[in-house]
Amino acid sequence: MLIVLDVKASVESIRRVQAFLKDHGIDSQAHSDPLSQTIVAPNASKKLTVRQLEAFEDVVRAVPITSPYKYASIQGVNAPTVIEVAGLKIGDGSLSLVGGPCAVESRDQLFGIARYVAESGVKLFRAGAFKPRTSPYAFQGLGIEGLALLAEVKKEFSLGIVTECLDNMTFDEVEAVADIVQIGARNMQNFSLLKRAGRSLKPILLKRGNSASLDEWLLAAEYILSEGNSRVILCERGIRTWSDHSRNTLDLSVIPAARRLTHLPIFVDPSHAVGRRDSVLPCARASVAVGADGLLIETHCQPEQALSDGPQALLQSDYLDLVDQCREIHKLLQAKTALHLGF
Ligand code: PEP
Ligand code: MN
């Protein structure tokens, strides 16, 4: 149920409704912005009537949310979610770039890459300390040692850290270092991990599973949101299709489709979608053009020596070129949108 309150409703009015819901065993979350005050209570329609809720002081109306995802849906929260992290505002119409290698491999490798990522003005640095690999014989990441190196990078270069958590066992350790905790494509439906992420105070970057529908992806986000963590960023990273010219198929049409359904910010990871260096730039440009809130880009100082995903890692110069081009495209789009809106 979506409970719409008077925009000037007092904190007591909101508390009274939430206490009533709690007495009936119903979880709820209140949302306030300058234009609206609402309470989302996913299970309220099962136990209460619209009339019961509309009887409360300051309640303007109560409307059943028909969408299967209650917190992720724009039916519940009708304004874009803006996430403040590492000096950025993700989802406010700006372009948030994340650069870095696939994996933490050594201090020299990490510092070498972090230096040029920081110099490019990009504020978020990505690298996995725990790597989900298709083969058990492939490099699995440096684990805790890798997290310690990421903590050093954060300090030395003032970069926000985006790094993946693979399981509940290591969540506390990853969360302590990460500014944004990544949940990878393979774990998109690891429900106990999603619930743990939902209890985290850190924003969560939720990759789309490689065969997940948009509904399944948003329901995965709902697991996190329903536990109380409202800071979820979706990330399209390519899905499996019959095409074999590319590692995965970058599904850019999912961005406008997701925008119609959810208020959550959406990133694109063209690197894992295409799997080869020469396709990353065109797909990154297209991602910005289609309206992504941010991009995740893999880059390496010595891609030929990378322990994972070397073929898709951009060389430093190509990475810098991509950052410039994507910023230019974004600027152009913003100017056009402002013109269109008559600003
Ligand atoms: C990654 O970002 O390093 C990664 C493993 O991505 P995905 O989960 O999209 O495969
Ligand atoms: Mn990778």
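The values are calculated or read from the model by the stated rules, or taken from the named source; none is laboratory data. What you see is a predicted model, and the numbers here were worked out from it, not measured in a lab. For neighbour counting, all protein chains shown are included, and Cβ atoms are generated from backbone atoms with ideal geometry for every residue, glycine included. Note: accessible area is taken over every heavy atom of the protein model, side chains too, but ligands, DNA and RNA are not part of it. Shrake-Rupley method; radii C 1.70, N 1.55, O 1.52, S 1.80 Å.
Structure notes:
- Whichever residue in the stretch 114-131 is open to solvent by less than 30 Å² (accessible area, probe 1.4 Å) and within 13 Å of ligand 2 (Cβ to nearest atom) and, among such residues, is nearest to D324 (Cα to Cα): R126
- The requirement of being among the hydrophobic types (A, V, I, L, M, F, W, C) and open to solvent by 20 Å² or more (accessible area, probe 1.4 Å) is not satisfied by A44.
- Restricting attention to the stretch 106-126, the residues being assigned to a helix (DSSP H, G or I) and under 20 Å from F139 (Cβ atoms) number 8.
- Of all residues making up the stretch 145-191, the number that are within 15 Å of ligand 2 (Cβ to nearest atom) and under 18 Å from S96 (Cβ atoms): 5
- In the stretch 138-155, the qualifying residues are those that are open to solvent by 50 Å² or more (accessible area, probe 1.4 Å) and not in a loop (DSSP other than H, G, I, E, B), and the one that is farthest from ligand 1 (Cβ to nearest atom) is K155.
- Checking each residue in the stretch 213-232 for being open to solvent by 10 Å² or more (accessible area, probe 1.4 Å) and assigned to a helix (DSSP H, G or I) picks out L214, D215, E216, L219, E222, Y223, S226.
- Condition broken by L147, with the remaining ones in (1) farther than 29 Å from G310 by Cα; (2) in the same structural domain as P303 (by TED's automatic domain parsing) satisfied: (1)
- As a summary of the residue check, I74 satisfies the conditions (1) touching a Lys or Arg at 6+ places or on another chain (Cβ under 6 Å); (2) of a type in the set (A, V, I, L, M); (3) closer than 18 Å to G228 by Cα except for the one numbered (1).
- Near pairs, Cβ below 6 angstrom, 6+ apart or cross-chain, from the stretch 249-261 (farther than 17 Å from A284 by Cβ) to any residue that is open to solvent by less than 20 Å² (accessible area, probe 1.4 Å): A258/I266
- Restricting the stretch 85-105 to residues that are within 16 Å of ligand 2 (Cβ to nearest atom) and assigned to a loop (DSSP other than H, G, I, E, B), the residue that is most open to solvent (accessible area, probe 1.4 Å): E105
- The number of residues in the stretch 281-309 that are part of a helix (DSSP H, G or I) and within 13 Å of ligand 1 (Cβ to nearest atom) comes to 0.
- Note on the stretch 192-212: among residues that are more than 16 Å from ligand 2 (Cβ to nearest atom) and closer than 18 Å to A258 by Cα, the one that is surrounded by the fewest Cβ atoms within 10 Å (Cβ to Cβ) is S211.
- Count - residues of the stretch 275-317 that are within 16 Å of ligand 2 (Cβ to nearest atom), of a type outside the set (D, E) and buried (at least 24 other Cβ atoms within 10 Å of the Cβ): 9
Rundown of residues vs (1) outside any strand (DSSP E or B); (2) touching a Cys at 6+ places or on another chain (Cβ under 6 Å); (3) away from ligand 1 (no atom under 16 Å from the Cβ), yes/no style:
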| site | (1), (2), (3) |
| --- | --- |
| D172 | yes, no, yes |
| A176 | yes, no, yes |
| Q182 | no, no, no |
| Q189 | yes, no, no |
| L205 | no, yes, no |
| L234 | no, no, no |
| W242 | yes, no, yes |
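- Residue check: A118 meets all listed conditions (1) closer than 22 Å to Q316 by Cβ; (2) more than 19 Å from the chain's Cα centre (by Cα); (3) in contact (Cβ under 8 Å) with a residue 60 or more places away in the chain but one, namely (3).
- The combined condition, being within 16 Å of ligand 2 (Cβ to nearest atom) and surrounded by fewer than 24 Cβ atoms within 10 Å (Cβ to Cβ), is fulfilled by S135.
- Out of S96, S135, S158, one residue alone is of a type in the set (S, T, Y) and away from ligand 1 (no atom under 16 Å from the Cβ). It is S158.
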